[in-house]
Amino acid sequence: MNLLLKQATLSKMSGVPFNWKYIVLTPQLTRPYLLEGLFLEKQENLIFYGGVGTGKTYLSSLISLQLIQQRRLSVKFYTVATLVNKLLEAHEKGTLSKVFKQMEKLDLLVLDELGYIPLHKQGAELLFQVISLCYEKTTIIITSNLTFWEWNHFFGNPILTEAVIDRLIHHSHLVVFNGESHRYKESMIHQ
């Protein structure tokens with residue numbers, strides 16, 4: 001499948017075209033660079049930042065599906081709350097090392113909705129362990145509507161927050177999503 005056909009296929013969600021005009025891309029960070037997963041070759045993280053409903057989850061899903069279908073890569077997609085709950089459960093059962101070994105085998109880990117639900121101390125520490133485990137080994141895509149300086153409210157510890165941000169931004173691209181909520185716009189059209 002050629003790139004234009006892939007982009008045409010991937011640029012629709014529920015019959016609504018994906019609008020790239022509200023996404024701030026640098027000259028190096030192009031649509032093909034994202035959709036073809038070229039950032040994986042350099043183990044670069046992607047941090048998708050923007051308001052609710054601006055397409056962060058959608059684009060991270062597109063990239064994930066593309067990499068699974070076209071390149072047969074190992075990808076896991078979690079909301080941060082779901083992953084933290086899984087980690088807490090594994091810790092309680094004594095199977096945390098098994099979960100960490102599974103994480104080490106991934107090509108891409110997507111952590112969606114960072115910052116929606118504040119973490120308790122143990123959850124924040126376990127999430128930090130995952131991010132540290134992935135550092136320079138597994139690429140991470142993070143979606144968040146919080147600026148970096150607001151992440152402390154989420155992690156609850158300034159030193160831990162600084163360590164997380166430091167590992168994530170060392171080899172990364174910040175992709176800013178502007179505009180209004182696509183869900184809100186669509187709901188207004190159907191009224």
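The figures follow:
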{"item": "Whichever residue in region 153-178 is surrounded by 16 or more Cβ atoms within 10 Å (Cβ to Cβ) and β-branched (V, I, T) and, among such residues, is farthest from V80 (Cα to Cα)", "result": "V175"}
{"item": "Counted residues, region 34-52 - those being out of contact with any Ser or Thr (no Cβ under 6 Å at 6 or more places or on another chain), among the hydrophobic types (A, V, I, L, M, F, W, C) and in a helix (DSSP H, G or I)", "result": "4"}
{"item": "In region 18-27, the residues that are part of a loop (DSSP other than H, G, I, E, B) and free of Cβ contacts under 8 Å to residues at least 40 places away in the same chain", "result": "P27"}
{"item": "Matching residues in region 53-73 - criterion: being surrounded by 14 or more Cβ atoms within 10 Å (Cβ to Cβ) and outside any helix (DSSP H, G or I)", "result": "G53, T54, G55, L73"}
{"item": "Search result, residues across region 134-152 that are more than 16 Å from the chain's Cα centre (by Cα) and buried (at least 16 other Cβ atoms within 10 Å of the Cβ)", "result": "N152"}
{"item": "Those residues of region 153-178 which are within 13 Å of L46 (Cα to Cα) and of a type in the set (V, I, T), in sequence order", "result": "I165, I169, V175, V176"}
{"item": "Of all residues making up region 101-120, the number that are over 18 Å from L67 (Cβ atoms) and crowded, with 16+ Cβ neighbours inside 10 Å", "result": "4"}
{"item": "Qualifying residue in region 33-47 (condition: in contact with a Leu (Cβ under 6 Å, 6 or more places away or on another chain), under 22 Å from Y135 (Cα atoms) and either among the small types (G, A, S) or exposed (fewer than 15 other Cβ atoms within 10 Å of the Cβ) (or both))", "result": "yes"}
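The numbers here are math on the coordinates, done by the rules we state, and not lab data. Just so we're clear, the structure is a prediction, and the values are computed from it rather than from any experiment. Backbone-built Cβ (ideal geometry, glycine too); neighbour counts: all protein chains shown.
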